[in-house]
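What follows is a single structure, written as structure tokens, with notes after it.
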Amino acid sequence: MMFFKDRPIKQKFLLVIMAVNITTLLLGFAGFMIHDRWETRETMVAQTSTIASILAYNCTAALLFDDAADAQETLAFLKTKLPIVSAWILTAKGAPLARYVREGFAAPEMPPAVQKNAVTIKKQMLQLYREVRMENKPIGTVYIQSDTRQMVGHRKNHLFIATLALLFSIL
């Protein structure tokens, strides 16, 4: 540690202050990124859950009367929701009544095993199940797959901002 020992006291103070400054910035940015990732995920879940609730409400008649055309029409509005990659309306027995797949994506023929009101994130996909009920009895399920790549975009932007802030603090 001869490098630090042989320096004048003024440079030693400057190096210590810069080390504390950089450490504080890195910890602050790490905390910000963790919070923002959690907040972005919660927002995505809330938005997808709202879409699932709307679909569940609008497909009740289609499920009651086993009307695939009406169910397909209900799913058609998902074309305006870019993060939604695929969606299914499933009967109470788990059979598909209608399905939507966004152009350019290859969705599986069937969603994973039907669950009641569950949310999971796997392989950059948010998977949400919403049970459809009529008079307190389950009549079907809405399954939605949503792309979570926007979270990756947020992380890249935050890393860029953190790097710029760190560089400017060193100058």
May I have the extent of the alpha carbons of segment 90-143 along their three principal axes, as whole Å values ordered from largest to smallest?
-> 38, 21, 15
Could you list the residues of segment 141-157 with an amide nitrogen less than 16 Å from a label point located 7 Å from the Cα of THR43 in the Cα-to-C-beta direction?
-> 147-157
For LYS93 and ILE54 in the same chain, what is the full-extension length gain: residue separation times 0.36 nm, less their Cα-Cα distance, in nm?
-> 11.9 nm
State, as an integer percentage, the relative contact order of the chain based on alpha-carbon contacts under 8 Å between residues 6 or more apart.
-> 23
Relative frequency of Cα-Cα separations exceeding 15 Å in segment 102-171, percent = 68
Projected onto the charge dipole of segment 7-107 (unit charges on the beta-carbon of Lys, Arg, Asp and Glu, signs +1, +1, -1, -1), the Cα from VAL20, ALA98, THR60 with the largest positive-side position is that of VAL20
First measure r as the distance between the Cβ atoms of ILE17 and ALA165, then evaluate 1/(1 + (r/R0)^6) with R0 = 25 Å and state the FRET efficiency to the nearest 0.05.
-> 0.90
Hey, what angle do you get for helix 9-58 against the long axis of the chain, alpha-carbon based, 0 to 90 degrees rounded to 10?
-> 10
For the chain, what is the mean residue ellipticity at 222 nm derived from helices alone (per DSSP H run of n ≥ 4: -39500 (n - 2.57); sum divided by total residues; nearest 500 deg cm²/dmol)?
-> -17500 deg cm²/dmol
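Filter the trypsin sites (Lys or Arg not before Pro) in segment 87-171 down to the DSSP loop ones having no more than 15 other Cβ atoms within 10 Å, then list what survives. Don't skip to the answer; put the middle values down first.
On the way: sites: LYS93, ARG99, ARG102, LYS116, LYS122, LYS123, ARG130, ARG133, ARG149, ARG155, LYS156; in loops: LYS93, ARG102, LYS116, LYS123.
Passing both the DSSP loop test and the Cβ count: LYS93, LYS116, LYS123.
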Among GLN72, TYR143, LEU126, flag the residue with its Cα farthest along the positive direction of the charge dipole of the chain, charges on Cβ as +1 for Lys/Arg and -1 for Asp/Glu.
-> LEU126
Helix 149-170 vs. the chain, principal-axis angle (Cα, 0 to 90°, nearest 10) | 10
Share of Cα-Cα pairs in the chain lying beyond 28 Å, as whole percent | 44
For the chain, the dipole about the Cα centre with charges only on Cβ (Lys and Arg +1, Asp and Glu -1), to the nearest 20 debye, works out at 960
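Values in this text are rule-based calculations from the coordinates and carry no lab data. The structure presented is a predicted model; accordingly, all values stated were derived computationally and were not measured. When we count neighbours, we look across all protein chains shown, and the Cβ atoms used for this are built from the backbone with ideal geometry, even at glycine.
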